[in-house]
Amino acid sequence: MVYESVHVSTTIDCPAGEVYDYASNPANLSTWAAGLADQDVQLVDGQWVVDSPMGRVIVAFAPSNDFCVLDHDVTLPDGETVRNPMRVISNGDGCDVVFTVRRRPGMSETDLAADVDAVNADLAALRTLMEQ
């Protein structure tokens with residue numbers, strides 16, 4: 001099965017490594033990713049847990065890497081795990097951040113659009129923080 005994908009991106013006037021280092025730290029999620037973590041993220045028994053707009057979720061990022069891959073799994077309250085592809089890509093003195101939103105089975109067009117809007121807002125918040 002192939003899922004519909006929407007690639008959401010922003011350009012940030014800050015070096016890719018700095019953006020990657022900040023965004024890859026789950027403790028920072030509540031400062032820029034309100035669509036996922038509108039409250040502080042806590043490390044509980046080795047897992048990053050947050051009470052999100054979707055309910056209590058577990059977030060697991062890809063291991064630290066030199067490619068600035070920020071893929072992360074979000075385990076929803078019902079136990080479903082959603083894989084979220086995300087990259088920080090060098091662009092001159094700054095970078096592009098690309099997040100892929102996937103339409104999950106049973107997801108309406110309205111729900112997909114809401115997810116895309118939330119990711120756009122999150123990436124805009126990340127850009128604002130990193131460009132200060």
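The values are calculated or read from the model by the stated rules, or taken from the named source; none is laboratory data. Please read these numbers as outputs of a predicted model, since none were measured by experiment. Here the Cβ is made from the backbone with ideal geometry for all residues, glycine too, and neighbour counts use every protein chain on show.
Scanning the stretch 51-68 for residues that are of a type in the set (A, V, I, L, M) and out of contact with any strand residue (DSSP E or B) (no Cβ under 6 Å at 6 or more places or on another chain) gives a single hit, M54. Screening A37, A113 for residues that are of a type in the set (A, V, I, L, M, F, W, C), free of Cβ contacts under 8 Å to residues at least 24 places away in the same chain and in contact with a strand residue (DSSP E or B) (Cβ under 6 Å, 6 or more places away or on another chain) leaves exactly one candidate, A37. Scanning the stretch 86-107 for residues that are aliphatic (A, V, I, L, M) and surrounded by fewer than 18 Cβ atoms within 10 Å (Cβ to Cβ), we see that the one that is modelled with the lowest pLDDT is M107. All of (1) in contact (Cβ under 8 Å) with a residue 40 or more places away in the chain; (2) surrounded by fewer than 13 Cβ atoms within 10 Å (Cβ to Cβ) hold for S24 with one exception: (2).
Restricting the stretch 25-71 to residues that are assigned to a strand (DSSP E or B) and of a type in the set (F, W, Y) leaves a set whose member that is nearest to the chain's Cα centre (by Cα) is F61.
Note on the stretch 72-83: among residues that are surrounded by fewer than 17 Cβ atoms within 10 Å (Cβ to Cβ) and hydrophobic (A, V, I, L, M, F, W, C), the one that is farthest from the chain's Cα centre (by Cα) is L76.
Does any residue of the stretch 113-126 turn out to be part of a loop (DSSP other than H, G, I, E, B) and modelled with pLDDT of 95 or more? No, the stretch 113-126 contains no residue that is part of a loop (DSSP other than H, G, I, E, B) and modelled with pLDDT of 95 or more.
Return yes or no: is T110 more than 19 Å from L29 (Cβ to Cβ), modelled with pLDDT of 95 or more, hydroxyl-bearing (S, T, Y) and outside any loop (DSSP other than H, G, I, E, B)?
yes
When the stretch 73-107 is limited to residues that are of a type in the set (A, V, I, L, M, F, W, C) and in a loop (DSSP other than H, G, I, E, B), the one that is nearest to F61 (Cα to Cα) turns out to be L76. For the stretch 116-127, give me each residue that is touching a residue at least 24 places away in the same chain (Cβ under 8 Å) and surrounded by fewer than 18 Cβ atoms within 10 Å (Cβ to Cβ). Answer for the stretch 116-127, where residues must be touching a residue at least 24 places away in the same chain (Cβ under 8 Å) and surrounded by fewer than 18 Cβ atoms within 10 Å (Cβ to Cβ): V116, A118, N120, A121, A124, A125.
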